[in-house]
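Engineer: I am attaching a structure below and will ask some questions about it afterwards.
The values are calculated or read from the model by the stated rules, or taken from the named source; none is laboratory data. Keep in mind that this is a model prediction, so the values were computed, not measured. No Cβ is skipped: glycine too gets one built from the backbone with ideal geometry, and neighbour counts run over all protein chains shown. The protein model used for the area step is the full one, side chains on, heavy atoms only, and it has no ligands, DNA or RNA in it. Shrake-Rupley method; radii C 1.70, N 1.55, O 1.52, S 1.80 Å.
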Amino acid sequence: LLRPSGNAMRHPRTLRPRLRCAALVLATLLLATPRGPILAQTPLPGIADPPLTLDRAKTRAKAVSADLAVARAMAVAAEALERQGAAFLNPTLSVEREQASANGQTNSQSIVALDQPFELAGTRGARRRILALRRTSAEAALALAEQRLDFEVTQAFALVMAAARRATLARSAAD
């Protein structure tokens, strides 16, 4: 993830290199595009592609973010573990057959056993509380990942908009 340093909001040169590089690429693309629409940007008749807004940029970033997908998967897994932790232990059914022969006589015995393990008092409740805390932690990590992504997209968007504004001012000053 791209994280700015403590004084990154004061001056663009203090941004981490990856964020600075991303902002530079976006600014270069904005400056390099012609003033009029080019063929690939010309909307098809009847289909209007609205300009990229901050909300659309955040939505697109959330759709493709690997970090956010991992955080979502971890939250779903933690919820499933919590649900499983509330279940009782499974019983076990076993069948045995013994056959013995002596002095020409055959003796056989069949044994069927049902085993149900019981936990000590408080063990199941403690496990449920721990798994609930893990789920809460995973949900908090998901919320943090979403907020971090929103921050990074907003910061990159602001840098690009500032670069576009400077480019517009430079073009108007040159004319």
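Engineer: Just one of the numbered conditions (1) farther than 30 Å from Leu52 by Cβ; (2) under 38 Å from the mean Cα position of the chain (by Cα) is not true of Glu146; which one?
Structural biologist: Here Glu146 clears every test but (1).
Engineer: Sticking with this one: Residues in the range 75-94 that are open to solvent by 100 Å² or more (accessible area, probe 1.4 Å) and at pLDDT 95 or above: how many?
Structural biologist: Within the range 75-94, residues that are open to solvent by 100 Å² or more (accessible area, probe 1.4 Å) and at pLDDT 95 or above number 0.
Engineer: If Arg134 satisfies all but one of (1) open to solvent by 80 Å² or more (accessible area, probe 1.4 Å); (2) over 30 Å from Ser65 (Cα atoms), what's the number of the condition it fails?
Structural biologist: Status for Arg134: all satisfied but (2).
Engineer: Taking into account only those residues within the range 46-69 that are under 30 Å from Arg127 (Cβ atoms) and in contact (Cβ under 8 Å) with a residue 40 or more places away in the chain, which is surrounded by the most Cβ atoms within 10 Å (Cβ to Cβ)?
Structural biologist: Going through the range 46-69, the residues under 30 Å from Arg127 (Cβ atoms) turn out to be 67-69.
Imposing the further condition that a residue be in contact (Cβ under 8 Å) with a residue 40 or more places away in the chain reduces the set to 67-68.
Working: Asp67: 12, Leu68: 17.
Filtering the range 46-69 for residues that are under 30 Å from Arg127 (Cβ atoms) and in contact (Cβ under 8 Å) with a residue 40 or more places away in the chain, the one surrounded by the most Cβ atoms within 10 Å (Cβ to Cβ) comes out as Leu68.
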